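The values are calculated or read from the model by the stated rules, or taken from the named source; none is laboratory data. Please read all numbers here as calculations on a predicted model, not as lab measurements. Every residue, glycine among them, receives a Cβ derived from its backbone with ideal geometry; neighbour counts consider all protein chains shown.
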Amino acid sequence: MTVTCEELRDSAQKVFPDWEAARDPAHSWQTISELGWFMLGVPEDQGGLGAGRGELAVIFAECGRVLLPGAVIAQFLGVEALAGAQDFAGRESLLEAAMAGELITTSLEHAGSDAALRCVPDADRARHVLVRQAGEIALVALDGAEISQTPTWDLSRRLFDVTLAADARRTILASGDAAEELGARLDGLLSLALAGDALGGGQALLTMTIDYLKDRRQFERPLAMFQALKHRVANLKAALVTAESLYYGRAGASTDAVALGAMKAHACTAFRQIAEDAVQLHGGVGLTAEYPVHLFLKRALLDAALGGDADYWEEQAGRQALAPA
Amino acid sequence: MTSTLDALRTELRAWLADNAPKDWRAASTHDQFAAGQRDWFARLVAAGYAIPHWPEPWPGGGRSLAEQKVIYEELARADAPRLLLSFVSTYHAFATFAECGTEEQRARYLPGILAGETWCQGFSEPGAGSDMAAIRTRAVRVAREGGDVYVVTGQKVWSTMAQYADYSLLLARTSDEGARQAGLTYLVMDMKAPGVTVRPIHQIQGDEEFAEIFIDEVEIPVSARVGEEGHGWAVAQATLASERGLTLMELSYRMRGALSRLAEAIRAAGRENDQGIVRDFGRLATRIDAVCALADRFLQKRMDDDEQVGDASIVKLAYARCLRAYADLGVRVSGLAGQLHAPITFGDLNSGNWMADFMNSYAWTIAGGSDEIQRNIIAERMLGMPREPKHWTLAESKP
């Protein structure tokens, strides 16, 4: 791996200076495919760039910062599954196509929820869906599947329910112990991606809110001069930086699904606090569709609900920490 | 580099296994606690672990920040007592003399610190808490036969363990001209000098960690002034900047280690299957890990010479709020039993005496720059939000 975290961050910020620059889904998808984001986490001997989770963590935060639309997280999961799969005929070309941006979608619900395929982003433009079921991880063709969009409050993502065709072509990627191992990796990656999305979004929204407070004047002074508002902003900044430290600390070091899930809960809670306060701190304009604050609020709440919510992960973390050593 | 750190860790871990005091929580009086502190400090000095941040050739000095971090990690891991009594002397006094003192002053005071002389800080006053520039303790320069002295009169407060101190780092006012900060002068006061009276402050949890110092016409030789007259404010910044993040890292690690005490309390209360408690415990454990990661990241930034204004404030604020949450969950789990008074443990913020820990946690949200001051620093100096106008007028006093 020759690309550093700083280089990844710089290049992302160059192509997407802000959320408006990333707004067009087709254009964004093409851009990040060309930048090779989907190749990042794939080992070099499989044609990827061999980056670690620490580098992926940077990319996920950049996605959140600009509310990157589309099925980016699903694609990262699809690529990870293909790269970690047992060998089968056609695997190499599927992986190559996926790294180049051909969409593989998958459910962003926490795998433990149930077997139904819900919260599947952009299922209408994918040819394959990654499915996890009873001791098996498979790539299933979407030909003949019944798909229906479930409108979400978050306007930056399009989610679908999917019912697969009875005779759908299935390719087993892993089964038994291998499926368990790969499944844990996918769980961890989903948590990491959602946490990064939350922290990038939180950072962008907090910056936007501070700029607004400096700009907006009432009582013959900028709102940013009022201590009551300063202290709220300082609390949000502290929450964000603390969550970022945990995120970058665990991203490269931890593979434990519960540790990563609890980290995801912590990050999403921070984003949620920032988003809830950002609406309030923007006052009336925070309620208008014209200002982008609501876009971040809605993404924050969807991030919090996907991939297992805070109630779920905090309970898991509590049980783990309470278990006798 | 890593192998040096690993070697230090191995060597220190072995030493601590044989030497770390095990029964220090049993101290039942302040004097026992102080005696235990002196003994532990002396052993660390002898073994070369007490002053890793001092330069060579001081014994055990000249350690890198990475090595210092290893030492505090291991002290926390071994659950050894924190060095509270010698903290002001080895950090605050040392940094002050190192950066602003004379060669004579270093030669005069530093060896005594290693021999166990303890120091306290005389900055805060009843009328100068968060607003330190409001200091009123007065120093007047007077000619004496053996050389000029400052005659000092005033009152200091919140001075940590002043009742045991041999010397005080003192900020006093030598002028009312110009900016308030410009009238301050930095002095070293001998706590045994005539006119010095110390009164410990009884705190709400039963400890006497802080004291008041009454100063009545105490004579301090001009040779005990640090920096020039009127430069006290700048010298005090050197004093206060000396902790370098290690303390908060050590405290965060100790809080993480003490999660097991909270887990025991939850099991003892039979609530290990209470979903609400389990969830809150999981959230707290994650938050404590986040604070540890934050403290680590801050130290790393310091090592990379990349520290930014406000970084230290975020670490302190995050730690202090998390410590409160830790004690708060303990109080909640301990229920009515927790309301029955139990003897306190000296020098331990995570003792498992939940009411005492809870009350003790205020020391971190108020002392050393309150949470509110930290928030101001973060908002104004890090995030660039404008300061409020300095002057205001009472509405009633308007014509």
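For the reader, a short list of remarks on this structure follows.
- A:G284 surrounded by fewer than 17 Cβ atoms within 10 Å (Cβ to Cβ), within 18 Å of the chain's Cα centre (by Cα), more than 8 Å from chain B (Cβ to nearest Cβ) and over 19 Å from A:D18 (Cα atoms): no
- From the list B:V226, B:V218, B:V222, the one residue that fits, being more than 10 Å from chain A (Cβ to nearest Cβ), over 22 Å from A:E315 (Cβ atoms), in contact with a strand residue (DSSP E or B) (Cβ under 9 Å, 6 or more places away or on another chain) and surrounded by fewer than 17 Cβ atoms within 10 Å (Cβ to Cβ), is B:V222.
- Yes/no for B:V196 being closer than 30 Å to B:G178 by Cα, surrounded by fewer than 21 Cβ atoms within 10 Å (Cβ to Cβ) and either within 10 Å of chain A (Cβ to nearest Cβ) or β-branched (V, I, T) (or both): yes
- Residue within region B:270-288 that is assigned to a helix (DSSP H, G or I), at the interface with chain A (Cβ under 9 Å from one of its Cβ atoms) and in contact with a Phe, Trp or Tyr (Cβ under 7 Å, 6 or more places away or on another chain) present: yes
- Hey, A:A265 more than 9 Å from chain B (Cβ to nearest Cβ), in a helix (DSSP H, G or I), of a type in the set (A, V, I, L, M) and in contact with a Ser or Thr (Cβ under 8 Å, 6 or more places away or on another chain) or not: no
- For region B:300-348, taking the residues that are among the acidic types (D, E) and surrounded by 17 or more Cβ atoms within 10 Å (Cβ to Cβ), the one that is nearest to B:A27 (Cα to Cα) is identified as B:D348.
- Residue satisfying condition, being in a strand (DSSP E or B) and either free of Cβ contacts under 8 Å to residues at least 24 places away in the same chain or closer than 20 Å to A:A179 by Cβ (or both), within set A:L130, A:L82, A:L94: A:L130
- B:V70 meets the stated requirement of being hydrophobic (A, V, I, L, M, F, W, C), at pLDDT 95 or above and closer than 26 Å to B:D304 by Cα.
- Residues (part of a helix (DSSP H, G or I), within 25 Å of B:A179 (Cα to Cα) and modelled with pLDDT of 90 or more) located in region B:345-399: B:E372, B:I373, B:Q374, B:R375, B:N376, B:I377, B:I378, B:A379, B:E380, B:R381, B:M382
- Selection within region B:103-145: residues that are farther than 27 Å from B:A34 by Cα, in contact (Cβ under 8 Å) with a residue 40 or more places away in the chain and not aliphatic (A, V, I, L, M). The member of this set that is surrounded by the most Cβ atoms within 10 Å (Cβ to Cβ) is B:T137.
- Within region A:23-51, residues that are modelled with pLDDT of 95 or more sit with their Cβ atoms under 6 Å from residues that are of a type in the set (G, A, S) and in a helix (DSSP H, G or I), at 6+ positions apart or across chains, in these pairs: A:S28/A:A22; A:V42/A:A83; A:Q46/A:A83.
- Which listed residue is within 19 Å of the chain's Cα centre (by Cα), within 27 Å of B:Q237 (Cα to Cα) and of a type in the set (S, T, N, Q), from B:T137, B:T90: B:T90
This table checks each residue for (1) at pLDDT 95 or above; (2) assigned to a strand (DSSP E or B).
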{"position": "B:G178", "(1), (2)": "no, no"}
{"position": "B:V188", "(1), (2)": "yes, yes"}
{"position": "B:E219", "(1), (2)": "yes, yes"}
{"position": "B:S223", "(1), (2)": "yes, no"}
{"position": "B:V235", "(1), (2)": "yes, no"}
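- Looking only at residues of region A:212-235 that are more than 10 Å from every other protein chain (Cβ to nearest Cβ) and of a type outside the set (G, A, S), we find that the one that is surrounded by the most Cβ atoms within 10 Å (Cβ to Cβ) is A:Y212.
- Contacts under 9 angstrom Cβ, first residue in region A:216-235 being part of a strand (DSSP E or B) and modelled with pLDDT of 95 or more, partner crowded, with 19+ Cβ neighbours inside 10 Å and aliphatic (A, V, I, L, M), 6 or more apart: A:R217/A:L223; A:P222/A:L213; A:P222/B:M385
- Residue in region B:190-217 that is nearest to B:G129 (Cα to Cα), counting only those that are among the hydrophobic types (A, V, I, L, M, F, W, C) and not in a strand (DSSP E or B): B:I201
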